[in-house]
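In what follows, a single structure is set out as structure tokens and then discussed.
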Amino acid sequence: MPLWSCSWDYLRSNEFYVGGIGGVIQQYDVRNPGTHIQKLNITGDLSPVVSLVSTEHGLLSCQLNSCWLWMPNMRQWERKSLPVDGPFMSLCYDNESHKALVSCRASGNERSRLSLCKLKSANSSVSGSASDVVMEYEQTFPGSTRTSLMCKSAFIKAPGARWIAAHSESDSSLYLHGVEGSRTMCLPASEPALDVCAGRVNAETVVAALSDSRLRLYRAVPTS
């Protein structure tokens, strides 16, 4: 099966998930990789699984036409759709804020969108049911007027600041949308950034944007 995405299990370091064509998700154990433990798929959506993230609330999956939270319950999996309309490009999750970031493709006259949803337990008891997890829509950021490539977005954090990073193909720019009071910034990036991530290098925050032909690095500089 051609694969599109993967994720380690949030709790079990020896288990991982892979997502492929046909909307199929398979769970494996590294101690016995010859056969899958479980197989999940969405009836009626055969689009590829473009993103997978295992979280404390369950497994988040994103296909081109649907986004889901999967939760194991008595050896069965329950699922709940995220409160965001597609079509979709990618999904990522921030463990610290418990927020999911869903990237939606441009469609017709509508720009691409970056939607934030917060996941939290509905009550203090843990029963292992998807009905006990609440997914609250929080905010949407506008994106590009065209999306000819599958570009991923990312959470970016620096001391005292948080952003949502995504490339705008129509503006030839990498946007850092400010959240929690941070200032929105626009960085030059002529080539579409297929993937974006951030890290700490020598006590400084560095944002990396990868295109087909080059890797761009941006350094966060404190301002007074």
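Throughout, read-outs are computed from the coordinates displayed, never taken from laboratory work. These numbers were taken from a predicted model, which means no experiment stands behind them.
Over all distinct alpha-carbon pairs, what is the Kirkwood Rh of segment 146-224 in angstrom?
Numbers: mean 1/r = 0.0786 Å⁻¹.
The Cα-based Kirkwood calculation yields 12.7 Å.
Here is the P(r) of segment 1-112: all C-alpha pair distances, binned every 10 Å from 0, give 14, 48, 30, 6, 1 in whole percents.
Counting only aspartates and glutamates at least 8 places from LYS39 when in the same chain, those with an alpha carbon closer than 14 Å to its own are GLU15, ASP29, GLU78. Across the chain, the volume of the C-alpha convex hull divided among the residues equals 152 Å³ per residue. In this structure the amide hydrogen of SER90, modeled in the peptide plane, comes within under 5 Å of the amide hydrogens of SER103, none closer than 5 places in sequence on its chain. Based on alpha carbons, the Rg and Dmax found for segment 181-224 are 11.6, 36 Å.
Which of LYS99/LYS152; LYS118/LYS157; LYS80/LYS118; LYS120/LYS152; LYS80/LYS157; LYS80/LYS120 have a Cα-Cα distance over 20 Å?
Working: LYS99/LYS152 16 Å; LYS118/LYS157 17 Å; LYS80/LYS118 14 Å; LYS120/LYS152 24 Å; LYS80/LYS157 29 Å; LYS80/LYS120 13 Å.
Correct reply: LYS120/LYS152; LYS80/LYS157.
Taking GLY86, GLY108, GLY22 in turn, the Gaussian network model of the chain (Cα-Cα springs below 10 Å) assigns the largest fluctuation to GLY108.
Working note: Karplus 6.51/-1.76/1.60 with θ = phi - 60° gives segment 163-176 the couplings 9, 10, 9, 7, 7, 9, 5, 6, 9, 6, 9, 9, 8, 10 Hz, where Gly and Pro are set to x.
Calculation over all alpha carbon pairs of segment 135-183 in 10 angstrom steps from 0 returns a P(r) of 23, 50, 25, 2 percent.
Backbone geometry of segment 103-113 corresponds, through the Karplus equation with coefficients 6.51, -1.76 and 1.60 at θ = phi - 60°, to 3J(HN,Hα) couplings of 9, 10, 6, 5, 8, x, 8, 8, 6, 5, 9 Hz, x marking Gly and Pro.
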